[in-house]
1. Go through (1) within 16 Å of ligand 3 (Cβ to nearest atom); (2) open to solvent by less than 10 Å² (accessible area, probe 1.4 Å) and name the single condition GLU201 misses.
2. Is it the case that some residue within the stretch 110-124 is assigned to a loop (DSSP other than H, G, I, E, B), open to solvent by 70 Å² or more (accessible area, probe 1.4 Å) and assigned by TED's automatic domain parsing to the domain that holds ARG28?
3. Does ALA299 meet the test of being of a type in the set (A, V, I, L, M) and at pLDDT below 95?
4. If the requirement is being open to solvent by less than 60 Å² (accessible area, probe 1.4 Å) and not assigned by TED's automatic domain parsing to the domain that holds GLN92, which of these qualifies: GLY129, GLY145?
5. Just for strands (runs of 3 or more DSSP E) wholly inside the stretch 24-100: which have at least 2 residues that are within 16 Å of ligand 1 (Cβ to nearest atom)?
6. Given the residues ILE331, ILE310, which is the only one that is open to solvent by less than 20 Å² (accessible area, probe 1.4 Å), outside the structural domain of THR409 (by TED's automatic domain parsing) and within 16 Å of ligand 3 (Cβ to nearest atom)?
7. What residue, among those in the stretch 371-422 that are basic (Lys, Arg) and not in a loop (DSSP other than H, G, I, E, B), is farthest from THR338 (Cα to Cα)?
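The values are calculated or read from the model by the stated rules, or taken from the named source; none is laboratory data. Since we're looking at a predicted model, the values are computed, not measured. Reconstructed Cβ throughout: ideal geometry from the backbone, glycine too, with neighbour counts over all protein chains shown. With ligands, DNA and RNA removed, areas are computed over all heavy atoms of the protein, side chains included. Shrake-Rupley method; radii C 1.70, N 1.55, O 1.52, S 1.80 Å.
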Amino acid sequence: MKVKDGKAHRYAKLLVYGCQMNVSDAERMEGQLETIGYEPTEEMTEADLILINTCCVRESAEDRVYGKIGEIKHLKEKNPALIFGITGCMAQKEGEALIRRAPHIDFVLGTNKVHELTRVVQEIAAERGHVVDVQPGETELPEGGPVARQNKFSVWVPIMYGCNNFCTYCIVPYVRGRERSRRPEDVVAEVREAVRQGAKEVTLLGQNVNSYGKDHKLADFADLLKMVDAVPGIERVRFMTSHPKDLSDKLIETIRTGRHICEHIHLPVQYGSDRILRAMHRIYTVADYRALVGRIRAALPEVSLTTDLIVGFPGETEEDFAQMLAFLEEIRYDSAYTFLYSKRSGTPAAEMADQVPEALKHERLERLMTVQDAISREKNEALKGRTLEVLVEGPSKHDAAVWSGRTRTNKLVLFPHGAEQPGDLVEVNITHPQTWVLKGETVASR
Ligand code: SAH
Ligand code: SF4
Ligand code: F3S
């Protein structure tokens with residue numbers, strides 16, 4: 001603990017891996033830590049508390065966390081008072097095994113225990129010792145806790161937790177539990193409060209937002225989206241992720257008629273052959289997905305579609321893979337996140353025969369990325385000369401004289417500074433489209 005101006009300051013460093021849900025959880029953890037006197041620090045060596053909010057969706061994510069855990073051992077040797085905790089999906093999955101493997105970890109807190117953080121930290125600060133709590137959550141979701149938002153103009157708001165889909169490759173349902181939807185009034189209240197504090201853009205989060213409300217039946221996702229769209233002062237409403245199996249026509253119509261709902265849908269297809277989709281337990285066929293995209297594009301001609309793709313699922317043949325490449329050429333996504341299949345023990349796919357050799361997975365991933373990158377580039381090139389609305393986020397990572405922001409279709413835009421500030425909506429003329437970014441110049445602010 002440091003004493004400055006006669007006041008005690010404690011510093012916390014949070015490292016976050018994984019998806020937006022983990023980022024959102026971390027913002028809630030940081031909000032709680034502030035209430036017991038912790039201030040954030042960028043310096044690991046300054047910290048009195050280090051937390052790693054972990055992801056276990058792929059082995060590579062876990063390897064990174066183990067690497068960090070190793071690094072922190074040295075900090076703990078230098079500063080035995082340092083409190084070190086592991087939270088998030090890997091904490092949920094590994095529990096006590098983490099402390100057995102690395103006894104310099106003080107506590108392990110599961111994904112349903114975000115709201116228990118301050119209690120556990122205070123307990124350890126007072127008494128030391130280890131704490132492991134990975135019990136499943138209560139039925140009542142904790143509401144109303146403080147949130148320390150990373151970006152006050154563009155905010156994440158979780159609308160539901162967990163997943164019921166059990167795709168055969170995926171660990172998420174095991175570490176996040178069953179679907180639990182927040183009450184619509186709680187979501188709307190959080191959005192209102194964020195807007196009051198300056199938010200222009202909100203992204204509603206869930207592993208599959210389309211099944212929002214199937215548990216409490218107070219509202220479905222389209223209803224919720226409409227309510228959030230009606231919050232005074234909101235400029236942009238986004239949502240992710242949409243499972244293709246239950247994206248309804250009602251939802252498409254809600255997006256079409258919405259005032260602020262952005263025309264971007266992240267609609268992971270995961271694979272492009274029926275055989276593999278069936279083995280993945282994705283519920284839809286290539287034809288179902290194609291028809292859905294047809295309905296979406298007919299209603300929303302400006303929509304951008306993005307996807308997740310997994311290469312090297314067990315049993316993948318050259319024939320399956322060729323179908324996937326053809327499907328990408330057909331759908332023409334704006335961009336895609338591409339992953340090498342990673343075996344997760346405890347999931348059905350881990351036990352399947354015909355695991356694809358690593359070298360072949362890598363080779364296919366390269367081929368896939370070559371095809372998709374060319375499509376992404378062509379899609380972006382078609383925007384040359386267009387003027388697009390951009391929400392200014394902040395300085396670009398590489399050049400402080402350049403702002404970075406996003407279009408309504410969620411494309412990254414870079415443009416030289418004018419008088420505008422982060423949080424402003426500006427019109428940018430696209431002059432140099434590239435594969436991953438659109439470069440341009442502002443034409444007017446509003
Ligand atoms: N609920 C969301 C996101 C889940 S995790 C959805 O259904 O889209 C994000 C992505 O990680 C998934 O879309 C999938 O493409 C990928 N993924 C999940 N498990 C994986 C595994 N075992 N190996 C490789 N990629 C995986
Ligand atoms: Fe995983 Fe499938 Fe659930 Fe997404 S929908 S989190 S891929 S099980
Ligand atoms: Fe990872 Fe957990 Fe998200 S496993 S992808 S952090 S839900």
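1. Unmet for GLU201, out of (1) within 16 Å of ligand 3 (Cβ to nearest atom); (2) open to solvent by less than 10 Å² (accessible area, probe 1.4 Å): (1).
2. Kept after step one, since they are assigned to a loop (DSSP other than H, G, I, E, B), are these residues of the stretch 110-124: 110-113.
Among the residues that remain, those that are also open to solvent by 70 Å² or more (accessible area, probe 1.4 Å) are: none.
No, the stretch 110-124 contains no residue that is assigned to a loop (DSSP other than H, G, I, E, B), open to solvent by 70 Å² or more (accessible area, probe 1.4 Å) and assigned by TED's automatic domain parsing to the domain that holds ARG28.
3. no
4. Details: GLY129 fails: not assigned by TED's automatic domain parsing to the domain that holds GLN92.
Of the residues listed, the single one that is open to solvent by less than 60 Å² (accessible area, probe 1.4 Å) and not assigned by TED's automatic domain parsing to the domain that holds GLN92 is GLY145.
5. Values: elements: 38-40, 49-54, 83-88.
Per the criteria, 49-54.
6. The match here is ILE310.
7. ARG406
Results for (1) surrounded by fewer than 16 Cβ atoms within 10 Å (Cβ to Cβ); (2) in a helix (DSSP H, G or I); (3) touching an Asp or Glu at 6+ places or on another chain (Cβ under 6 Å), shown as yes or no for each residue.
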| site | (1), (2), (3) |
| --- | --- |
| LEU224 | no, yes, no |
| GLY233 | yes, no, no |
| ARG238 | no, no, no |
| LYS245 | yes, yes, no |
| LYS250 | yes, yes, no |
| PRO268 | no, no, yes |
